[in-house]
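The next block holds one structure in the form of structure tokens; read it before the comments.
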Amino acid sequence: MTDPERLRAALRETPRWEWVDTVLTAAGERPETIGRSFVQAGRRAGRAPLPGVPGWTADEATRALLLAALPADRVETEIGDLYRYGDADEKRAVLKALPMLAVGAAGLPLLHDAIRTNDARLLAAALGPYARHLHQAAWRQAVLKCVFMDVPLTAVDGLDERADRELAAMLAAFADERAAAGRLFPADAAALLDRLTREES
Amino acid sequence: MRVFDPHIHMTSRTTDDYARMATAGVRAVVEPAFWLGQPRTNPGSFTDYFDSLIGWEPYRAAQFGIVHHATIALNPKEANDPRCRPVLDLLPRYLDKDRVVAVGEIGYDSMTPEEDDAFERQLALAVEHDLPALVHTPHRDKANGVRRTMEVVAASGIAPERVAVDHLNEVTVGIVHDSGCWMGFSVYPETKMSPPRMVEVLRRYGPDRVLVNSAADWGVSDPLLTLETGTAMLAAGFSEDDVDRVLWRNPVEFYGQSGRLDLTGAGTGAGRPTFAGSSIKRGGS
């Protein structure tokens, strides 16, 4: 799991650090400032991939750190609000930040919302480490939805540890449907199905 | 021919439209918030709509290599409904978003005191958020509506070059031309403007500060009439550079004033869905 310190260290090396540092301090001291700094992170911190932290962009890292900088009693309300009124990039940043925040399972409704969308970016972001809070049935459906929407299964944290016989059966049925329609079944899903059925035999 | 449609309601259009537009050369669009045919009755309907304009719709457009931005506002028609007006207090949240490049559509429908108030307040929001404004002009009593619009714009203190006054025609273009504001024209199959009439306006007033849009929505409209206008311009002797200026560089210049126009990926789709792959690459995880 990526931790805030790693994100902070990487951001410190970027040319936009001064702005980031200012808004992070403000978020801790005056949490009401997060509304504006969170929305402006793309324009002010940049959207480039963050050197040394694969899978994170500067704006996502800034937004995650903003949430992590909030006083503990404000985090739950703010993640709900910022996600509700966020555009896709902001929603994605909230989802990716969840594993770093001391919110317990309170972020679960956001995961359900993201998985309901047909936006591949949100679906992928919902299946990070925080997805351990999802019930197994919801998690299986989300994995199957990834296959359905061509989201690479590398997006799913802890895939092999959590994949079970029920998921294998769902994947096999889906592979049959695709075969009947003469359509391709994604290679990563076929490989997962293969691993799951081999373990069983 | 590369086309930036500065005013189109893609929410009401199908993926077939996106595919046809991309194949024909439309690479960028701006979708102004407006009414949906069926009147809304509460602010929540607006916020869900705004979310779609900055969330789902750009995602859908990107699958076809079309870059999508939005303008956000309470439209003049629904500004008259007291049940909808509280949405004015929710606008600042949306006016700060990355893909919001103007306040709009604002302006007049029936020129009521309620419309005056919403128009003035939203011009002030444009100034406050450092955004241009997209101003709708009424379909009925249009010439009076345009004159009154120009008075309100002048009184607001917003710079004229940061305002586009839309749905103009032969009768109303002169009033706006003299003001220094941008002149918007909606080319429709039957009403508003047609490609040949648009060519005549361009002959008379030149390509400066002119925006040509399809304003395609849920009514009788056609997202390819911008291109047809370009073709009519060429047939009438305008140069390819003139066409590029009107159909691409002008909207880029107008909305570019927001500082938020990001045309990365424009024209990369050629009518085939591509977004899912690149988006995952973009975010990783």
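The values are calculated or read from the model by the stated rules, or taken from the named source; none is laboratory data. Fair warning: this is a prediction, and the values are worked out from it, not measured in the lab. Positions of Cβ are generated from backbone atoms using ideal geometry, with glycine treated the same way; all protein chains shown enter the neighbour counts.
Checking each residue in region A:109-165 for being within 14 Å of another protein chain (Cβ to nearest Cβ), farther than 25 Å from A:ASP87 by Cβ and surrounded by 15 or more Cβ atoms within 10 Å (Cβ to Cβ) picks out A:VAL147, A:LEU153, A:LEU159.
B:THR149 satisfies every condition listed in (1) over 21 Å from B:THR112 (Cα atoms); (2) outside any loop (DSSP other than H, G, I, E, B); (3) under 20 Å from the mean Cα position of the chain (by Cα) except (1).
Applying the condition of being of a type in the set (Val, Ile, Thr) and touching a residue at least 24 places away in the same chain (Cβ under 8 Å) to region A:1-24 and asking which residue is surrounded by the fewest Cβ atoms within 10 Å (Cβ to Cβ) yields A:THR14. Residue count for region B:47-76, restricted to those that are within 12 Å of another protein chain (Cβ to nearest Cβ) and either within 21 Å of B:GLN122 (Cβ to Cβ) or free of Cβ contacts under 8 Å to residues at least 60 places away in the same chain (or both): 16.
Listed here are the residues, each with its yes/no results for (1) modelled with pLDDT under 95; (2) part of a helix (DSSP H, G or I).
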| site | (1), (2) |
| --- | --- |
| B:ALA164 | no, no |
| B:GLY174 | yes, yes |
| B:PHE185 | no, no |
| B:GLU190 | yes, no |
| B:ARG197 | yes, yes |
| B:VAL201 | no, yes |
| B:ARG204 | no, yes |
| B:LEU211 | no, no |
| B:VAL220 | yes, no |
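So which of A:THR197, A:THR117, A:THR154 ends up being under 30 Å from A:GLU5 (Cβ atoms) and among the polar types (S, T, N, Q)? Going through A:THR197, A:THR117, A:THR154 in turn, the sole match is A:THR154.
Pick from B:GLY265, B:GLY277: which is within 26 Å of A:LYS96 (Cβ to Cβ), within 14 Å of another protein chain (Cβ to nearest Cβ) and either modelled with pLDDT of 95 or more or part of a helix (DSSP H, G or I) (or both)?
Selected residue: B:GLY277, the only one of B:GLY265, B:GLY277 that is within 26 Å of A:LYS96 (Cβ to Cβ), within 14 Å of another protein chain (Cβ to nearest Cβ) and either modelled with pLDDT of 95 or more or part of a helix (DSSP H, G or I) (or both).
The residues of region A:53-100 that are among the hydroxyl-bearing types (Ser, Thr, Tyr) and within 12 Å of chain B (Cβ to nearest Cβ), listed by number, are A:THR57, A:TYR83, A:TYR85.
Could you check, for region B:162-173, whether at least one of its residues is within 19 Å of the chain's Cα centre (by Cα), within 14 Å of chain A (Cβ to nearest Cβ) and either within 28 Å of B:ASP51 (Cα to Cα) or among the small types (Gly, Ala, Ser) (or both)? Within region B:162-173, none of the residues are within 19 Å of the chain's Cα centre (by Cα), within 14 Å of chain A (Cβ to nearest Cβ) and either within 28 Å of B:ASP51 (Cα to Cα) or among the small types (Gly, Ala, Ser) (or both).
Regarding B:ARG147, is this residue at pLDDT 95 or above and among the basic types (Lys, Arg)?
no
Taking the stated definitions as given, is B:ASN144 under 30 Å from B:ARG197 (Cα atoms), part of a loop (DSSP other than H, G, I, E, B) and among the polar types (S, T, N, Q)? Spelling it out, it is not the case that B:ASN144 is under 30 Å from B:ARG197 (Cα atoms), part of a loop (DSSP other than H, G, I, E, B) and among the polar types (S, T, N, Q).
Looking only at region B:94-108, decide whether some residue is touching a Lys or Arg at 6+ places or on another chain (Cβ under 8 Å) and without any contact (Cβ under 8 Å) to a residue 24 or more places away in the chain. No, region B:94-108 has no match at all.
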